[in-house]
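The block underneath contains the structure these notes are about, expressed in structure tokens.
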Amino acid sequence: MKAFEILDKIYPKDIGFLFADTNFQFLVSVCLSAQTTDAAVMRITPILFSKYPDEKALSNAELTAVEEIIKPLGFYHMKAKNIIALSKALVSLGYIPNTIEELIKLPGVGRKTANCYILHICNKPAIIVDTHFKRVAKRLGYTAETDPDKVEFDIKKNYPKELWSRLSMVLNLHGRKYCFSKKPNCDECPVRSYCKTINPS
């Protein structure tokens, strides 16, 4: 964990990429973040939530109206369908679940979204396996898995629970700042000596 210890000291204690006024809006924002950037989501969600601020409003929205708003995010047909179905499910349920097992039963909520909600809203230990985390974790040798679910379970099995949340956010941020998918900035990377891509032995 030497690389993590170094990065933990470098990066801010509070790291966040998506922000919202309510728990519901945060959950929807994470659902919308698939296959796009958090910056793009943050440009769109103020428009979406000004018209549909809560689950009741969004559950009654016209599909085409929601599609038009979120179109710049890509995959907007499925995303619009999912967040409307999610809203209907939450209206019926009457609350937002606070466990991964319950959250992944909701329309459009996968393990990454559930873990993100658990970490940021419920303040519980979680591993958020997005493309950045998965890439950095593998390059640093923290997992050999490539499937997101297997990466999550592998990390949870091999590292203490008290490190999960911080590890998630630190590796994610490092992937955004240095460890890019293409042309990573290895020359300036503070943990390049621990990278298995550069130093496979």
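The values are calculated or read from the model by the stated rules, or taken from the named source; none is laboratory data. This structure is a prediction, so every number in the text was calculated from the model and none was measured. Cβ placement follows ideal geometry from the backbone for every residue including glycine, while neighbour counts extend to all protein chains displayed. Surface areas here come from the heavy atoms of the whole protein model, side chains and all, with no ligands, DNA or RNA. Shrake-Rupley method; radii C 1.70, N 1.55, O 1.52, S 1.80 Å.
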So how do 62, 67, 5, 152 rank on accessible area, 1.4 Å probe, biggest first, that is with the largest at the start? 62, 5, 67, 152
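Based on the Kirkwood radius over alpha-carbon pairs, what value in µm²/s does the Stokes-Einstein equation return for the translational diffusion coefficient of the chain at 4 °C and 1.567 mPa s?
Numbers: Rh = 17.8 Å.
Translational diffusion coefficient: 73 µm²/s.
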Mind checking which lysines have their C-alpha under 16 Å from residue 71, skipping anything on the same chain fewer than 8 residues away? 51, 79, 81
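Scan the chain and hand back the longest stretch that contains none of the chymotrypsin sites (Phe, Trp or Tyr not before Pro) lying in DSSP loops with at most 16 other Cβ atoms within 10 Å. Present the calculation step by step, with values, prior to reporting the outcome.
Values: sites that count: 19, 75, 95, 180.
That gives 96-179 as the longest site-free run.
Please work out the Cα convex hull volume for region 47-89 and give it in Å³ per residue. Before the final figure, lay out the partial values.
Details: hull volume 2.3 nm³, N = 43.
Given the Cα convex hull of region 47-89, per-residue volume reads 53 Å³.
Relative contact order of the chain: what whole-number percent is it, with Cα pairs under 8 angstrom and at least 6 residues apart?
Values: 229 pairs, mean separation 40.3, N = 201.
The normalised contact order for the chain reaches 20 percent.
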So, in Å, what gap is there between the alpha-carbon centers of region 21-73 and region 163-194? 29
Against the longest principal axis of the chain, how steep is helix 23-32, in degrees 0 to 90 to the nearest 10, with axes from Cα atoms? 70
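At 0.36 nm per residue, minus the direct Cα-Cα distance, what do residue 183 and residue 85 gain on full extension? Give it in nm, one decimal, please. Don't jump to the answer; show the numbers that get you there.
Details: separation 98, 0.36 × 98 = 35.28 nm, distance 3.90 nm.
Length gained between residue 183 and residue 85: 31.4 nm.
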If one compares the long axis through the Cα atoms of helix 148-158 with the longest principal axis of the Cα atoms of the chain, the angle in degrees, nearest 10, works out at 50
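Ignoring ligands, DNA and RNA, what percent of the 1.4 Å accessible area of region 68-186 is carbon and sulfur? Please report the intermediate quantities before stating the final value.
Values: 3220 of 5860 Å².
Answer for region 68-186 is 55 percent, counting heavy atoms of protein chains only.
Nearest 500 deg cm²/dmol is fine: what mean residue ellipticity at 222 nm does the chain get from its DSSP H runs of n ≥ 4 alone, each adding -39,500 (n - 2.57), divided by its residue count? Don't skip to the end; give the middle numbers.
Values: 11 runs with 115 residues, N = 201.
Per the formula, -17000 deg cm²/dmol.
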Would you mind getting the accessible area per residue of the chain, heavy atoms of the protein chains only, 1.4 Å probe, in Å²? 53
